[in-house]
Amino acid sequence: MRVLIVVLAVIALGAGATAYALRAPDSVSVAVEAGPVELVSGRLVFVDEASGRVASVPLSSPGGPRRVSSLSCKRFYTAAGKGLCLADASGPLPGSAAVFVDRTLAERRRVEVSGVPNRAKLSADGRMASWTTFVTGDSYAQAGTFSTRTAILDTGTEVYASNIEGTRVEGMKLANDRNFWGVTFTADDRTYYATLSTAGKTYLIQGDAAEESAKALRENAECPSLSPDGRRVAFKKRVPGDGARPWRQHVLDLTTMVETPLAETRGIDDQVVWLDNDTIAYGLPGEGIWAVQANGEGAPRQLVPHASSPSVVVG
């Protein structure tokens, strides 16, 4: 039953790279070139769907040959020449590992984590790290529901919150079924945006990692991602339609609080990334990595086939 609950949770919240790995074709034909995978400017880094390993392509020609590393991850994110790999734990028991790597993908630190890998994020300067996993065993988790663990680690001060469920949310008395996931950091390495789920509803929250407090900004928002200029948040919103994937990506202007639906309508269940201030990228199960304009115009375009969990190396 515990395994069943985890599987149902993966379907309910969207386990990103985990789902891609399950749906990867038995035989994938992609062009691969020799060379190291390093976190250098101008590269789009992702998880190769066939091998489950971190790979990269030039951002200028993402459909071309890829380089594939030996580092296996379910989720990967890079910032400031650093990488965070959320992987299955080694050993017979279920679990995860948050693995910090340097520019050459060499392991520098490892944090053992309970649960199934789901989300991973670094702040722009690489100091703040967050990850989310699915877990079982919470008293409020019933069959068909899910429970998460979201951690925040300040690698500068070594302050580590292994589970941010104790965060106080201004003006809200949270039920025992509260869950947090999908953290994205601002430039001050303190403020973040995330998803709060409680009593059957989801909220976009703005949190303070130092004070362990937050405030709700709006209802019906999941998996936020802050733009490079810090002015907008992309998020997925539940809309009428496909019951299995009832989401549409939107962009929220944090000054005016006006939201814009994006041109992608296929129910993207991902924490998207910003390639720049005008474009977001995301994984689509079985379809690879795609991009779309952040202003609601244009049409989606495929960047990298047979790939998931994109992030771009800047600087």
Qualifying residue in region 247-267 (condition: open to solvent by 10 Å² or more (accessible area, probe 1.4 Å) and in contact (Cβ under 8 Å) with a residue 60 or more places away in the chain): no
Breaking point among (1) over 27 Å from residue 198 (Cα atoms); (2) more than 21 Å from the chain's Cα centre (by Cα); (3) open to solvent by less than 30 Å² (accessible area, probe 1.4 Å), for residue 169: (1)
Some residue of region 34-42 being open to solvent by less than 30 Å² (accessible area, probe 1.4 Å) and either over 18 Å from residue 121 (Cβ atoms) or at pLDDT 50 or above (or both): yes
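Residue-wise test of (1) within 30 Å of residue 32 (Cα to Cα); (2) at pLDDT 95 or above.
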site	(1), (2)
63	yes, no
66	yes, yes
72	yes, yes
98	yes, yes
151	no, yes
Wholly enclosed strands (runs of 3 or more DSSP E) of region 45-102 bearing at least 2 residues in contact (Cβ under 8 Å) with a residue 60 or more places away in the chain: 53-58, 75-79
Selection from region 172-204 of residues that are over 22 Å from the mean Cα position of the chain (by Cα) and either of a type in the set (Asp, Glu) or closer than 21 Å to residue 271 by Cα (or both): none
Filtered residue count, region 292-315, keeping only those that are modelled with pLDDT of 95 or more, of a type in the set (Gly, Ala, Ser) and surrounded by fewer than 16 Cβ atoms within 10 Å (Cβ to Cβ): 3
Only one of 187, 175, 216, 194 that is in contact (Cβ under 8 Å) with a residue 24 or more places away in the chain, at negative phi, out of contact with any Pro (no Cβ under 7 Å at 6 or more places or on another chain) and not in a loop (DSSP other than H, G, I, E, B): 216
Residue in region 283-290 that is at pLDDT 95 or above, open to solvent by less than 50 Å² (accessible area, probe 1.4 Å) and of a type in the set (Gly, Ala, Ser) present: yes
Options 211, 219: the member that is of a type in the set (Asp, Glu) and in contact with a Phe, Trp or Tyr (Cβ under 8 Å, 6 or more places away or on another chain): 219
Search result, residues across region 244-276 that are among the aliphatic types (A, V, I, L, M) and at pLDDT 95 or above: 251, 252, 254, 257, 258, 262, 263, 272, 273, 275
Residues satisfying the stated conditions in region 230-246, i.e. open to solvent by 10 Å² or more (accessible area, probe 1.4 Å) and either touching a Ser or Thr at 6+ places or on another chain (Cβ under 7 Å) or small (Gly, Ala, Ser) (or both): 230, 231, 241, 243, 244
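The values are calculated or read from the model by the stated rules, or taken from the named source; none is laboratory data. Computed from a prediction, not measured in an experiment: that's the story for all the values here. Here Cβ is always computed from backbone atoms with ideal geometry, including for glycine, and neighbour counts include all displayed protein chains. Each accessible area value is taken on the protein alone, full model and side chains, heavy atoms only, with ligands, DNA and RNA left out. Shrake-Rupley method; radii C 1.70, N 1.55, O 1.52, S 1.80 Å.
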